[in-house]
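Encoded as structure tokens, the structure appears first; notes follow it.
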Amino acid sequence: MIEVVGLRKSFGNLDVLKDINIAARKGEVVGLIGPSGSGKSTLLRSLNLLSVPDAGAVRIGNQTMDFSGGRLRIRDRDLAAFRANTGMVFQNFNLFPHMNVLDNVMTGPVRVLKRPAAEVREEALALLDRVGLRDRADANPENLSGGQKQRVAIARALAMRPEVMLFDEATSALDPALVGEVLAVIRDLAAQGMTMILVTHEMAFARDVADTVIFMQDGYVVEQGSAQQVITDPQDRATQQFLAHFR
Ligand code: ADP
Ligand code: MG
């Protein structure tokens, strides 16, 4: 479902992704861990082209973006189609503040995918039900808790019917008491077979929910393997040192 080959990205003379090769099968949950600044967010952003890589290739489902000829001039239409296939959830929710909860979930399918509003509305309400927020459909985002905002953000991403979901520290901005309700939604998605990459500092969660874990440091994938193996018995010294902070 996901294949990344030889991905490189620099900002000026700062090489942030140096030669990234990763893959995920349909339904696989990948935990992406590593110290701050190691390139995790840049990698996720590269997967849905919020950040355009300098070299390499990314395949999501049956769509491939090849950057091997240097930075592509990608047609807007291709970019939109590629992006629509990956749902992204950010640390700080990024809900549209001037829209109520239901409109936040409906706007992408209606405006970007040009789907009929009545049909999208039913699907959006079902998604809000799935994240436990159907009764808040008319609420303004500013009146929601952080955990509720993040669950709306997940419903909004799912409304685009992506094949892949990307979570960038989705629980890092939440009060500890609100982390569990968001992790429960992610766990539910995993159980239903969604292909996902989770950037997380919740090591116990990564071990329990992810099938595989990738440890990144300094723009490289240092170690990857089964979640259980990487988290409980890391082989690389850098991985061991990183994980020691969480014990
Ligand atoms: P992580 O998510 O693992 O903390 P990031 O991918 O956010 O790491 O950042 C990796 C490095 O790239 C950091 O040194 C960061 O400062 C730098 N970086 C990220 N985005 C940009 C940008 N748009 N412009 C310049 N430098 C950036
Ligand atoms: Mg980050």
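Name the residues in region 9-53 that are surrounded by fewer than 19 Cβ atoms within 10 Å (Cβ to Cβ), part of a loop (DSSP other than H, G, I, E, B) and within 15 Å of ligand 2 (Cβ to nearest atom), would you? Within region 9-53, PRO35, SER36, GLY37, LEU50, SER51 meet the criteria. Within region 54-80, being of a type in the set (Gly, Ala, Ser) and either at pLDDT 90 or above or within 15 Å of ligand 2 (Cβ to nearest atom) (or both) holds for ALA55, GLY56, ALA57, GLY61. Just checking, does region 149-169 include any residue being in contact with an Asp or Glu (Cβ under 8 Å, 6 or more places away or on another chain), within 16 Å of ligand 1 (Cβ to nearest atom) and modelled with pLDDT of 95 or more? No - not one qualifying residue is present in region 149-169. Screening region 145-171 for residues that are in a helix (DSSP H, G or I) and in contact with a strand residue (DSSP E or B) (Cβ under 9 Å, 6 or more places away or on another chain) and picking the one that is farthest from ligand 2 (Cβ to nearest atom) gives LEU158. Of all residues in region 172-217, those satisfying the criterion of being touching a Leu at 6+ places or on another chain (Cβ under 9 Å) and either within 13 Å of ligand 2 (Cβ to nearest atom) or assigned to a strand (DSSP E or B) (or both) are MET196, ILE197, LEU198, VAL199, THR200, VAL213, ILE214, PHE215, MET216.
Residue count for region 226-238 under the criterion of being closer than 25 Å to MET1 by Cβ and buried (at least 17 other Cβ atoms within 10 Å of the Cβ): the result is 3.
Is there a residue being β-branched (Val, Ile, Thr), assigned to a strand (DSSP E or B) and more than 28 Å from ASP175 (Cβ to Cβ) anywhere in region 62-73?
The answer is yes; a qualifying residue exists.
Just a yes or no: is a residue in region 93-101 at pLDDT 95 or above and out of contact with any helix residue (DSSP H, G or I) (no Cβ under 7 Å at 6 or more places or on another chain)? Scanning region 93-101 turns up at least one residue that is at pLDDT 95 or above and out of contact with any helix residue (DSSP H, G or I) (no Cβ under 7 Å at 6 or more places or on another chain). Within region 180-221, if we keep just the residues that are more than 16 Å from the chain's Cα centre (by Cα) and away from ligand 1 (no atom under 15 Å from the Cβ), the residue that is surrounded by the most Cβ atoms within 10 Å (Cβ to Cβ) turns out to be MET203.
With the structure loaded, tell me whether PHE90 is surrounded by fewer than 13 Cβ atoms within 10 Å (Cβ to Cβ), aromatic (Phe, Trp, Tyr) and on the phi < 0 side of the Ramachandran plot or whether it fails that test. Taking the combined requirement at face value, the residue does not satisfy it.
Taking every residue in region 196-214 that is over 23 Å from SER46 (Cα atoms) and pairing it with any residue that is away from ligand 1 (no atom under 16 Å from the Cβ), at least 6 positions away or on another chain, the pairs with Cβ-Cβ distances below 6 Å are MET203/ILE231; PHE205/LEU183; ARG207/ALA227; ARG207/ILE231; VAL209/VAL29; VAL209/ARG187; VAL209/ALA190. Pairing residues of region 222-247 that are of a type in the set (Gly, Ala, Ser) with residues that are in a helix (DSSP H, G or I) and surrounded by 15 or more Cβ atoms within 10 Å (Cβ to Cβ), at Cβ distances under 7 Å and at least 6 apart in sequence or on separate chains, gives ALA227/ALA206; ALA227/ARG207.
The values are calculated or read from the model by the stated rules, or taken from the named source; none is laboratory data. All of these numbers come straight from a predicted model, not from anything done at the bench. Note that we place each Cβ from the backbone using ideal geometry, even for glycine, and neighbour counts take in every protein chain shown.
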